[in-house]
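The values are calculated or read from the model by the stated rules, or taken from the named source; none is laboratory data. Predicted, not measured: the structure shown is a model, and the values here were computed from it. A quick note on method: Cβ atoms are made from the backbone with ideal geometry, for glycine too, and the neighbour counts reach across all protein chains shown. Just so you know, the surface numbers come from the protein's heavy atoms only, side chains and all, with ligands and any DNA or RNA stripped out. Shrake-Rupley method; radii C 1.70, N 1.55, O 1.52, S 1.80 Å.
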Amino acid sequence: MTRIDFYLDAGDRLQVACRVAAKALAQAHRVVIYAPDGEIARAVDRLLWTTPPPGFVPHVMADHRLADETPVVIAREAAQLPHDDVLVNLDREQPASFARFARLVEIVGRDEDDKQAARGRYRLYRDRGYEIHTHRLGGDG
């Protein structure tokens, strides 16, 4: 069953997503960052070029010909998920195919709309019996 991790109180959700992807990659995991919003997907793409500073996380967009071979993929559609290891959700809704992943990461920002949407996802996962872990981020996290 999918392990679900909620990272709460993220000052910059996209920075946190990139740090989570870099850490997972360092632990030999493959990562899909699910970002249906095109602007968010492009921002994550730019950030991964310098995460962690002054580093680089190898990544491509899900429609790229090397997506199956690249450890971090940015997907805008649920049909573009090339593996089932770690899924980082940057959407307000739960990804339709999250249950096929070993781990789902939910990053919750500080604004009330984001918190409210995350509460709904949390209830859905809890009610379906998923193992949920919460992590409170401190500082700019």
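Across q = 0.22 Å⁻¹, segment 1-119 modelled as identical point scatterers on its alpha-carbon atoms has Debye log10 I(q)/I(0) values of -1.35, in the order of the q list. Here the Gaussian network model covers the chain, with springs between Cα atoms less than 10 Å apart; of Gly11, Gly109, Gly38, Gly38 fluctuates the most.
Taking GluC sites (Glu not before Pro) as exposed when DSSP calls them loop and at most 13 other C-beta atoms lie within 10 angstrom, the chain has its longest site-free stretch at 1-76.
Accessible area per residue, 1.4 Å probe, Å², for the chain: what's the number?
52 Å²
Of the residues Gln27, Gln94, Gln80, the one that moves most in a GNM of the chain with alpha-carbon contacts below 10 Å is Gln27.
Computed from backbone phi with θ = phi - 60° and the Karplus coefficients 6.51, -1.76 and 1.60, the 3J(HN,Hα) list for segment 25-33 is 4, 4, 9, 6, 9, 9, 10, 10, 9 Hz; x is used for glycine and proline. Dividing the convex hull volume of the alpha carbon atoms of segment 88-141 by its residue count gives 86 Å³ per residue.
Under a 5 Å amide H cut-off, with hydrogens placed 1.01 Å from N, Met61 pairs with Ile74 among residues at least 5 apart or on other chains. Amide H to amide H distances under 5 Å link Gly109 with Ala10, where only residues 5 or more positions off or on other chains count and H is placed in the peptide plane.
Computed on segment 14-141, with alpha-carbon pairs under 8 angstrom and 6+ residues apart, the relative contact order is 23 percent. Loop-located chymotrypsin sites (Phe, Trp or Tyr not before Pro) in segment 1-82 (DSSP state not H, G, I, E or B) with no more than 13 neighbouring Cβ atoms inside 10 Å: Trp49, Phe56. Taking the helices alone, the chain has a mean residue ellipticity at 222 nm of -9500 deg cm²/dmol, built from -39,500 (n - 2.57) per DSSP H run of at least 4 residues and averaged over all its residues. In a DSSP loop and with at most 12 other Cβ atoms within 10 Å, the trypsin sites (Lys or Arg not before Pro) in segment 38-141 are Arg65, Arg128.
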